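The values are calculated or read from the model by the stated rules, or taken from the named source; none is laboratory data. For clarity, every value in this text was computed on a predicted model and none was experimentally measured. Note that each Cβ is placed from the backbone with ideal geometry, even for glycine, and that neighbours are counted across all protein chains shown. Only protein heavy atoms, including side chains, enter the accessible area calculation; ligands, DNA and RNA are left aside. Shrake-Rupley method; radii C 1.70, N 1.55, O 1.52, S 1.80 Å.
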Amino acid sequence: MKNILILCCVWIIAACSTPSRAPYMTDAPLEQRLKSIRAKKGDPIFVRIFKEERMLEIWYEKHGKYQQLTNYPICYYSGPLGPKKRQGDKVSPEGFYQVTRRALNPYSQYYKSFDLGFPNQYDRFKGYTGDYLMVHGDCVSVGCYAMTDQQMDEIYQLVAASLNRGQSSVPVHVFPFKMTDARLSREKHSPHYAFWLELKEGYDYFEKYHKVPNVGIRSGKYTINQ
């Protein structure tokens with residue numbers, strides 16, 4: 001009996017540590033989902049990523065506020081919760097990023113991709129290093145956010161359509177988790193707590209107004225300009 005219990009514990013630990021490979025899920029074709037929120041490809045778009053929940057969200061702007069189009073389960077990301085600090089640490093970044101047309105790569109070795117723009121101004125101020133931190137397909141990652149190819153096909157075409165239609169850059173906000181007061185309160189002893197408080201201001205602003213905040217940098221900290 002003791003041996004059986006040990007084997008069960010080993011199996012549970014292995015299962016929990018295996019990267020999530022939830023299948024792409026949708027209730028309807030893409031065009032139908034766009035129509036349901038009265039959006040179309042090329043309208044202004046906003047992306048949010050949550051590490052702990054392994055979720056990428058797509059939002060569309062209509063009449064000054066954003067409506068959520070869909071969620072995509074993240075197939076894989078690497079490293080623990082917390083910001084990426086140095087080249088080779090295999091940590092996926094957190095923070096406020098902007099994706100431009102130059103960041104699009106339809107011929108990526110990982111199916112399709114767009115670069116998050118790490119390091120941004122904040123990361124450079126902190127001395128963080130790294131490059132080619134992307135959202136891409138192929139479900140493998142060493143510091144990126146990897147999706148299935150089917151997911152990435154949709155995400156890429158939506159982001160590309162908005163950039164090609166005239167959106168100067170697509171904001172991508174990357175959080176460690178859904179930044180509710182209750183969830184963040186569990187992290188008061190984390191070395192990343194002060195950084196996460198900065199991210200929470202941007203999270204709270206969008207949750208309250210469904211508008212993308214203007215993010216600035218002051219004295220080496222993120223600021224939210226309302």
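Computed quantities for the displayed model
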{"read-out": "Tally of residues being in contact with a Leu (Cβ under 6 Å, 6 or more places away or on another chain) and under 17 Å from L104 (Cα atoms) across region 114-143", "value": "4"}
{"read-out": "Helices (runs of 4 or more DSSP H) completely within region 111-226 that count 1 or more residues being polar (S, T, N, Q)", "value": "121-126, 149-165, 181-185"}
{"read-out": "Residue in region 143-160 that is small (G, A, S) and either open to solvent by 20 Å² or more (accessible area, probe 1.4 Å) or free of Cβ contacts under 8 Å to residues at least 40 places away in the same chain (or both) present", "value": "no"}
{"read-out": "Pairs where the first residue, in region 98-125, is farther than 23 Å from K85 by Cα and the second is among the polar types (S, T, N, Q) and open to solvent by 50 Å² or more (accessible area, probe 1.4 Å), C-beta under 8 Å, 6+ apart", "value": "R101/N164; K112/N105"}
{"read-out": "Single residue of region 49-81 satisfying the filter (farther than 16 Å from V135 by Cβ and within 13 Å of the chain's Cα centre (by Cα)) that is most open to solvent (accessible area, probe 1.4 Å)", "value": "E52"}
{"read-out": "Of the criteria (1) at pLDDT below 95; (2) within 27 Å of L116 (Cβ to Cβ), which one F46 fails", "value": "(1)"}
{"read-out": "Some residue of region 193-201 being at pLDDT 95 or above, surrounded by 14 or more Cβ atoms within 10 Å (Cβ to Cβ), under 21 Å from I45 (Cβ atoms) and within 15 Å of the chain's Cα centre (by Cα)", "value": "yes"}
{"read-out": "Identity of the residue in region 92-102, assigned to a loop (DSSP other than H, G, I, E, B) and either within 13 Å of the chain's Cα centre (by Cα) or of a type in the set (D, E) (or both), that ends up surrounded by the most Cβ atoms within 10 Å (Cβ to Cβ)", "value": "S92"}
{"read-out": "Conditions (1) open to solvent by 10 Å² or more (accessible area, probe 1.4 Å); (2) under 15 Å from the mean Cα position of the chain (by Cα); number of the one not met by Y209", "value": "(2)"}
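Table: residues versus (1) free of Cβ contacts under 8 Å to residues at least 40 places away in the same chain; (2) under 30 Å from L184 (Cα atoms); (3) out of contact with any His (no Cβ under 7 Å at 6 or more places or on another chain); (4) not in a strand (DSSP E or B).
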position: G42; (1), (2), (3), (4): no, no, yes, yes
position: F46; (1), (2), (3), (4): no, yes, yes, no
position: E53; (1), (2), (3), (4): no, yes, yes, yes
position: Q87; (1), (2), (3), (4): no, yes, yes, yes
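Residue-by-condition table, conditions (1) modelled with pLDDT under 95; (2) closer than 20 Å to K41 by Cα; (3) among the aliphatic types (A, V, I, L, M):
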{"position": "V142", "(1), (2), (3)": "yes, no, yes"}
{"position": "E154", "(1), (2), (3)": "no, yes, no"}
{"position": "L163", "(1), (2), (3)": "no, yes, yes"}
{"position": "P176", "(1), (2), (3)": "no, no, no"}
{"position": "S185", "(1), (2), (3)": "no, no, no"}
{"position": "K188", "(1), (2), (3)": "no, no, no"}
